[in-house]
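Enquirer: This structure is in structure tokens; I'll ask about it shortly.
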Amino acid sequence: MKKERSNQGGSQNLLKRLNRAKILGLLRSHGSLSRTELASLSGLDNKTITNIVNHFTETHVVVSAGQMKSSSGRRKEHLKINTDYSYAVGIDIGASHITVTLLNLEGRPAAEKHHSYRFGLSGKIILEKLLSLTRALLDEAKLGPGRILGIGFTAPGFFDKERGIWKTAVNITGWESLPIRDLLSRHFGADVYLQDCSRSMALAEMWYGEGKNLDDFILLDLGQGIGLGIVIGGSLYEGAGLKSGEIGHLVVDPDGRMCTCGNRGCLESIASGTAIASLVQEEIGKGTRSKVVDLVNNHIDEITAADVVEAANLRDPLAVDVLGEAGRMIGKALSYAITLFNPESVIIGGQLSKAGPALLDPLLDSARRFTLPQLFGDLSIKLSGLGFLSASIGAATIVINDKIFGS
Ligand SMILES: [Zn+2]
């Protein structure tokens, strides 16, 4: 449960952000409220409410909704969010997709564009596509630079926040030391913020999803790669070098397959979307019969994890075996994370969170088996409800967090 923070504890800055977020959250869920109602619903004193409301009206985030009768029968000025005054942009790049989302001041996706491409597409083309997709989204929404609060950018891999450089993007060729912040800033005339994709997904859960009322949770991102977003004490844990949550590179089978990182037997080499597809391709190559072959019209090299999931739903033995082993290994690695961090909740997101019982049942069974009952008993495990927009929403919330709650 979310613990009440006192003025004495924690940083004043964090408290200010949380209080501003609380007020905007109340306006978001109620539509419009008077200052008195905001004070009683938030538990904040009148002076704090006045400060927050003044800040929000000066920055045009909140406007008057007119005089309305309150519960006491007296007419009072109500306030509402100036929903479409400006927008945060979230860009999410993966090994096989680009998603760009516009988040309005209520934190709701106002528009989005999604583009899928084959695995292995050159980084240069991906970059051109992301610029044109973002431009098209802004043009269609008729937004000039003044209406954009900023851009949040997220991808898998490692980045340098200070210099605004994406150092390596896993599974995207040619993205070494890419000066992505300056590049996007020049193109769109906006401030740019960088974050890893699993951690962006955790941010989206924290503000708008299953993590809304939680202080300590883990977001397990099951996609083309596997990562964790770790939230401790209501804050995202990034790690000293912005490299926290690399659960996909825990070695679960020392004699196993080669991983993209150069090590052998990493979780990702067995259980990522990419690995699931390639394991099935290899088995079919060895002569194993599978319904996947029919699903892809014999185009074996085009098999994706989604095809394997579809075949598992048709009770195809090969697909069930591969997803089962992936699930067991993910569950084992997840048990290490649960044991180390003692979260209240694990939220499972990413494409493979929709894989159904063929992956999720063995995952939960092995997580339970390898975790102390004292830890597992108190834990809730949920599926993310944010869908494929999750990482781009999370990236856009970084902008809102800085520009609306923090400045
Ligand atoms: Zn690895």
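Enquirer: Between Ser64 and Ile232, what is the spin-label point distance in nm, taking each point 7 Å from the Cα along the Cα→C-beta axis?
Expert: 4.8
Enquirer: Right, here's the next one. What are the trypsin sites (Lys or Arg not before Pro) within the stretch 121-195 that DSSP puts in a loop, where the Cβ has at most 16 other Cβ atoms within 10 Å?
Expert: Answer in residue order: Lys142, Lys161, Arg163.
Enquirer: Which loop GluC sites (Glu not before Pro) in the stretch 117-164, with loop taken from DSSP, have no more than 14 other Cβ atoms within 10 angstrom of their Cβ?
Expert: Of the GluC sites (Glu not before Pro), the ones in loops of the stretch 117-164 whose Cβ has at most 14 other Cβ atoms within 10 Å are Glu162.
Enquirer: Report, please, the projected area of the stretch 162-226 averaged over directions, based on the convex hull of its C-alpha atoms, in nm².
Expert: The Cα convex hull of the stretch 162-226, projected and averaged over all directions, gives 5.9 nm².
Enquirer: Among bridges DSSP assigns within the stretch 66-157, what percent are antiparallel (round to 5)?
Expert: 75
Enquirer: Which residues among the stretch 31-55 fall inside the zone where the amide N is under 12 Å from a point 7 Å beyond the Cα of Leu15, along Cα→Cβ?
Expert: 45, 48, by backbone N distance to the label point.
Enquirer: Now a separate question. Determine, at each q value in 0.13, 0.19, 0.21 (inverse angstroms), the log₁₀ of I(q)/I(0) that the Debye formula gives when each Cα of the stretch 1-157 is one equal point scatterer.
Expert: Relative scattering, expressed as log10 I(q)/I(0), comes to -0.75, -1.12, -1.24.
Enquirer: Still on this structure: What's the whole-number percent of alpha carbon pairs in the stretch 208-323 lying beyond 21 angstrom?
Expert: 49
Enquirer: Now for a separate question. Could you work out the helix-only [θ] at 222 nm for the chain, with each DSSP H run of four or more residues adding -39,500 (n - 2.57) and the total divided by the number of residues, to the nearest 500 deg cm²/dmol?
Expert: -12500 deg cm²/dmol
Enquirer: For helix 123-140, what angle does its Cα long axis make with the longest principal axis of the chain, in degrees from 0 to 90 and rounded to 10?
Expert: Once rounded, one gets 30 degrees.
Enquirer: Which value results when the Cα radius of gyration for the stretch 264-407 is divided by 2.2 N^0.38 Å?
Expert: Details: Rg = 17.7 Å, N = 144, 2.2 N^0.38 = 14.5 Å.
Scaled against compact globular proteins, the figure is 1.22.
Enquirer: If you keep only loop residues by DSSP, which trypsin sites (Lys or Arg not before Pro) in the stretch 294-398 have at most 16 other Cβ atoms within 10 Å of their Cβ?
Expert: Arg315
Enquirer: Using only the C-alpha atoms of the chain, find the volume of their convex hull and express it per residue in Å³.
Expert: Cα-based convex hull of the chain, divided per residue, equals 159 Å³.
Enquirer: Please figure out what share of the DSSP beta bridges in the chain is antiparallel and state it in percent, rounded to the nearest 5. Walk me through the intermediate numbers first.
Expert: Working: 39 of 59 bridges.
Antiparallel bridges make up about 65 percent of those DSSP assigns within the chain.
Enquirer: Now for a separate question. With axes computed from alpha carbons, what is the tilt in degrees of helix 273-285 against the longest principal axis of the chain, rounded to the nearest 10 within 0 to 90?
Expert: 20
Enquirer: Suppose the chain between Ala141 and Ala306 were pulled fully straight at 0.36 nm per residue; how much longer would it get relative to their current alpha carbon spacing?
Expert: Full extension from Ala141 to Ala306 adds 56.2 nm.
Enquirer: Continuing with the same structure: Go through the stretch 165-173 residue by residue and turn each phi into a ³J(HN,Hα) via Karplus (6.51, -1.76, 1.60, θ = phi - 60°); whole Hz please, and just put x for glycine and proline.
Expert: Karplus values, whole Hz, x for Gly and Pro: 10, 8, 6, 9, 10, 4, 6, 10, 7.
Enquirer: Further question on the same structure: Excluding residues on the same chain fewer than 8 positions from Lys382, give the aspartates and glutamates whose Cα lies under 16 Å from its Cα.
Expert: Glu205, Glu210, Asp215, Asp216, Asp221, Glu344, Asp361, Asp365
Enquirer: Rounded to the nearest 10 degrees, what's the angle between the helix 390-400 long axis and the longest principal axis of the chain, both from Cα atoms, 0 to 90?
Expert: Rounded to the nearest ten degrees, it is 30.
Any read-out appearing in this document is the output of simple, stated calculations on the displayed coordinates, not a laboratory observation. Here the structure is a predicted model, which is why all the values come from computation and not from measurement. When we count neighbours, we look across all protein chains shown, and the Cβ atoms used for this are built from the backbone with ideal geometry, even at glycine.
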